[in-house]
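Read the figures in this text as sums done on the coordinates, not as results from a lab. Remember, it's a predicted structure, so these values are computed and weren't measured experimentally. We place every Cβ from the backbone using ideal geometry, glycine too, and count neighbours over all the protein chains shown.
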Amino acid sequence: MSSIPAALFPRRAAFFGGVYSNSHALEEAIRDARRRGAEALFCLGDLGGFGPHPGRVPAILREHRVTVVQGNYEDSVGHDRPDCQCGYTDPRDNRFAQIAYDYTLLNTPASCKSWYRSLVRTLRIEMGGRRLLLCHGSPRRQNEFLWRSTSPVPFLERLLRDYEADVILCTHTGLHWGRTLPSGGQVINVGALGRPANDGRTNVWYALLSVGAAYEAAGPAPLAVEFVPVAYDHERLAREMRREMLPEEFVETILTGWWTTCLEVLPAREREAGRF
Amino acid sequence: MNGPQEAGRSCDAWPKVEMTGLDTVWFYVAGTLCNLRCTHCFISCSPDNRSHGMMTLQEMHPYLDEAERLGVREYYLTGGEPFLNREILPILEATLRQGPATVLTNGLFLDQLTCRKLRAIADASDYSLDIRVSLDGWGPEDHDRIRGSGTFHRAVNGIRALAEHRFLPIVTVTEAAEGVGGIDGRTRFLELLLSVGLSRPRIKILPLWRIGAEAGRARGYESWERLSSDATTPEGLAALQCSSGRAVTTRGVYVCPILIDEPGARLGARLEETLRPFGLSYGACHTCYVSGVTCRT
C-alpha cells in the first residue's frame, strides 16, 4: 500500500464534474476547494461542450494537477468520433448537442486529443478506509445517466456490490445528489461545473468529501459529503460564448440558471423542477 | 408469421442476446383486459381477452421482493388498461416505494379525482412517476379509427387533467399515425400537444409490431423478417431491452413486454430463473433490432 501515492489517500478531496469548457467556473472551484483544505482534486470528465475555447480547461486541470477520469466527451473528441455519445434521444436535443460537439471538436488542440485518449475510464482511491470508485456516467457505462429520482436504493446497492466499492462518484447528468444507503455505502453524483443546476440560480456545484474526525478511533464510516456552490463571472462567460457564436439558448442557461436544451433525457421528477 | 417454427429454423440458429443484469421489470397489471379494442394492438387486448389476468397487489409482492433483491432499477405498469385494475393506486404506491415507475394508459380514466390521487402518490415518493398516454393521430379521424369512437377527445381530456396536476405526460404515438416518424410529423404532433394545453410536450414514437390485432389490420411478418447472427452486432444486441428487462403477467415471466402471447417467450415462474440468454427467433425481434426501439421511456 505504501507504494500508492499519498494523494490517493486524502482526508479531504474535491470532485468536479461536467466542466463543459467553463474555464472560469473551474478556476474558481479549484481556488475554493484549496481554501477549504482539499488535499486532492479530481475531475470526472466531460471537459468540453457547451462553452467556448475548449483548449483552456485541459490546461488548467494539468497546471493544478487535477486527476481526470475520461468522460464520453473525451472519448469522442480524442478519437474524432462523429458525435458526443451523450445518449440523447430527442431530435432537438441531438441538434444542439451536435452544435456543441462540432464546435468543441474543431477547436480542441491536437495535444489535448492525445491526452484525452490516455485518460482512464474509472479510478479507485481510498479515503478513511473506504474504497472509492470514480467514473463518469456509471461504473458500467460511460454515458449512463444516474439521476436521483431514477436511481433507487436496491439498484445502487447492486452497483456497489458488483463493482466492489464503498463509494461511487459520478457525474454526466449535470445535477448533483447523493445517497447514503442502508449498507453504509454511498453514491454521489458530483454535479457539473459547466452549467447551473436547472434551478434558476447562476452558480454551479462541486462535491467535497471528508473523512470524519472519528475515523482513527472508530474505523471506516460514511464520508462527510458537502455540495459546494460556486459563484463565478458567468456574465464574462456569456460574452465569450456570444463572441464564439455559440447558440443563444446556451447563453440563456448560463445567465438564468434554467436549462433550455438537452431536456428530454430528464426523468419526470427532475423535469418538473425546471422551467422548460 | 411471428414464431420460430413457422420460419423454418431451429432455435439454435438465432442470434442470442445475453442478459446483462435485470434493470427493468414490466408488470401486466391489467393482463390483456382493456376497455378498448384497438385495431393495432400487438396482443389483441380487449374487454373480453382474459388470456393474461388482472394482477392483484398480493400477487405482485413476491415479484417486488425479488426485484428488490436483484437490484432492479425501474418499473412499468401496463396492460391492457392499468386503470381498469381496482388496486392500481395501491400497486403504484407499493412500486414507487421501491423505485421509479411509469404507467402506460389510454388516458380514458384520467379524471380530476384520479389525477389528484396520482399527484399525491407521486409527491410522496422519493422516485419519479411518469405517465404515458397513447394517441394515434392528429385528430379523431385517425385516432378513433384505431381506438374507437370518441376516444380521441377523452384521451385529450385525460392529458389535460394530468397537466393541470403538474404532470408532464409522455404521449406515445405509433407509426399507425402516418408520417409521425418524420420531422414534419413530429413537429405537427408537438403543435397538437401545445394546443391541448401541454406546455412542455414529451413524445415517444413506437413502431408497429406486426402481431396480434395488427397482423390483421395491416399485415403479419414475412418469413424474411427475422434476425440472423451475421446481420447483428454485439452492441446492437446489448441495446435490446431483453438484455436487461423482463415482463411479469399472471402466467409467469416473459422475455419482454411484446411477446407475452408466445409460449416460447415464457422463461419461468420467478424473475431470477429467467436471467439467461434468449434466442431472437421472432418477427417482433426483427422490429426491435432494426428500429432500435425500446419500450422503455
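Report the FRET efficiency, 1/(1 + (r/R0)^6), for A:Ala214 and B:Gln58, where r is their Cβ-Cβ distance and R0 is 35 Å, rounded to 0.05. Efficiency, from the Cβ-Cβ distance: 0.20. Computed from the Cα positions only, the extents of segment B:29-130 along the three principal axes stand at 37, 32, 22 Å, in decreasing order.
With the cut-off at under 19 Å, measuring from each backbone N in segment B:75-114 to a point 7 Å along the Cα-to-Cβ line of B:Arg50 picks out B:79-87.
Looking at the square roots a ≥ b ≥ c of the eigenvalues of the Cα gyration tensor of segment B:22-224, which shape do they give, rounded for a/c under 1.5, prolate if a/b is larger than b/c, or oblate? Since a/c reaches 1.5 but b/c is at least a/b, the shape of segment B:22-224 is classed as oblate. In segment B:137-186, which trypsin sites (Lys or Arg not before Pro) are in a loop and have at most 16 other Cβ atoms within 10 Å, using DSSP for the loop call? Those that pass, being in a loop and sparsely packed, are B:Arg166. With K and R counted +1 and D and E -1, the other residues having a Cβ less than 15 Å from that of B:His143 yield a net charge of 0.
Suppose a student asked you for the relative contact order of chain A, using Cα pairs under 8 Å spaced at least 6 residues apart; what percent would you report? Computed value for chain A: 21 percent relative contact order. In terms of surrounding Cβ atoms within a 10 Å radius of their Cβ, B:Cys242, B:Cys41, A:Cys43 rank from fewest to most as B:Cys41, B:Cys242, A:Cys43. For segment A:1-139, place one equal point scatterer on every Cα, skip the solvent, and apply the Debye formula. What is log10 of I(q)/I(0) at q = 0.11, 0.15 Å⁻¹? Per q value, in the given order, log10 I(q)/I(0) is -0.41, -0.74. Here the protein assembly as shown is treated with +1 on each Lys and Arg Cβ and -1 on each Asp and Glu Cβ, and its dipole about the Cα centre works out to around 700 debye. Of all DSSP beta bridges confined to the protein assembly as shown, the antiparallel ones make up roughly 40%.
Note on chain A: with a GNM built from Cα contacts shorter than 10 Å, the maximum mean-square fluctuation among A:Arg179, A:Arg95, A:Arg158 falls on A:Arg158.
Counts of other chain beta carbons within 10 angstrom of each beta carbon in peptide A:152-164 average 5. Net charge dipole, segment A:1-148: roughly 600 debye, given to the nearest 20, about the Cα centre with Cβ charges of +1 for Lys and Arg and -1 for Asp and Glu. Across chain B, the mean sequence separation of Cα contacts (distance under 8 Å, 6 or more residues apart), normalised by length, yields a relative contact order of 26 percent. Based on DSSP H segments of at least four residues, each scored -39500 (n - 2.57), chain B has a per-residue ellipticity at 222 nm of -9000 deg cm²/dmol.
Per residue of peptide B:95-106, the mean number of Cβ atoms on other chains within 10 Å of the residue Cβ is 2.
About its Cα centre, segment B:74-130 has a charge dipole of approximately 160 debye under the convention of +1 per Lys or Arg Cβ and -1 per Asp or Glu Cβ, with nothing else charged. Considering only beta bridges that DSSP places wholly inside chain B, some 20 percent are antiparallel.
Highest mobility in the GNM of chain A, judged by mean-square fluctuation with C-alpha springs under 10 Å and restricted to A:Ala221, A:Ala100, A:Ala33, is found for A:Ala221.
Model label points for A:Arg31 and A:Met245, set 7 angstrom from Cα along the Cα-to-Cβ axis, are 3.3 nm apart. Here the relative contact order of segment A:122-258, from alpha carbon pairs under 8 Å that lie six or more residues apart, stands at 20 percent. Could you tell me the center-to-center distance, by alpha carbons, between segment A:30-92 and segment B:211-258 in angstrom? Each part's Cα centre sits 39 Å from the other's. Helix screen, chain B: no DSSP H segment has Cα axial length of 24 Å or more and mean Kyte-Doolittle hydropathy at least 1.0. Residues B:Ser149, A:Ser21, B:Ser128, B:Ser228, ranked from the fewest to the most other C-beta atoms within 10 Å, line up as B:Ser149, B:Ser228, B:Ser128, A:Ser21.
Neighbour counts of other Cβ atoms within 10 Å put A:Asp46, B:Asp48, B:Asp126, A:Asp90 in the fewest-to-most order B:Asp48, B:Asp126, A:Asp90, A:Asp46. Is the protein assembly as shown rounded, prolate or oblate when judged by the Cα gyration tensor, a ≥ b ≥ c being the square roots of its eigenvalues, rounded requiring a/c under 1.5 and prolate requiring a/b larger than b/c? Cα axes put the protein assembly as shown in the prolate bin.
P(r) tail, segment A:8-273: Cα-Cα pairs separated by more than 30 Å, 22% of all pairs.
If you average the alpha carbon positions of segment A:198-212 and of segment A:101-156, how far apart do those two centres end up, in angstrom? That distance is 17 Å.
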